[in-house]
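What follows is a short report on a single structure.
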Amino acid sequence: MSIRETGFLVYDEQPLKDVVPLIYKAAPEVDEATVAEEDGQNSRASRVSWITPAEPHANEILEGVWPIIHDANSHARWNFDLTWLEPLQFTKYTTEERYDWHVDTLLHLSADDDVRKLSFSVLLNNDFEGGEFELEAGSPGMANRIQTLDMKAGDIVVFPSYMWHRVKPVTSGERHSLVGWVHGPNWR
């Protein structure tokens, strides 16, 4: 089994559908617009808020998410040394908002730093169009190296934080997701 065969895992039978209402209760009102520019072009347009451990229902959300993260880490044979989870990001994308190709971690940090090792995204709703989640999961010569995920509310994708991924522009409605990053000691 190669890392390309286990580049990411999608839990697509809505394992978190019972947690979705708790996420909406826990997420503070979204008021922070995120527009990041890279080389003069917007690479990200969305609105976010943060679910910290102090938020109501945060522990219940973590109790739903954490076992899936550990299962993915083991099942995909990444076996990363995982230590802690950042506050969770609740994200809303409205029409034409998106997040262009990016990675969630840097591989060249000092020996004292810990790093984001696993990323995950939970889709929270179905009433939008566009906004596809895509991962670059193959070599440039592969015809199907870009994987477009067909997710429903309550589905979760888990992948190493160094994988390139994006959210394509929403064409109608509003896309909601919960995003998280799990840290561990720096790569050895």
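Read-outs: derived from the displayed coordinates by stated rules, not from any lab. From a predicted model like this one, the values you see are computed outputs, not experimental measurements. Don't worry about glycine lacking a Cβ; one is built from the backbone with ideal geometry, like all the others, and counts go over all protein chains shown.
Take each of the peptides 113-122, 143-152, average the number of other beta-carbon atoms within 10 Å over its residues, and list them starting from the highest. Don't skip to the end; give the middle numbers.
Values: 113-122: 20.5, 143-152: 12.9.
Highest to lowest by the protection proxy: 113-122, 143-152.
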Taking only DSSP H segments of four or more residues, each worth -39500 (n - 2.57), what value at 222 nm results for the chain once the sum is divided by all its residues, to the nearest 500 deg cm²/dmol?
-4000 deg cm²/dmol
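Averaged across orientations, what area in nm² does the convex hull of the alpha carbons in region 9-185 project? Could you put the intermediate results ahead of the total?
Details: hull surface 44.4 nm².
That works out to 11.1 nm², a quarter of the Cα hull's surface.
Figure the gain on full extension for Asp12 and Ala143 (residue separation times 0.36 nm, minus the Cα-Cα span) and round it to one decimal in nm. Let's see the in-between values first.
Numbers: separation 131, 0.36 × 131 = 47.16 nm, distance 2.37 nm.
Result for the pair: 44.8 nm of gain on full extension.
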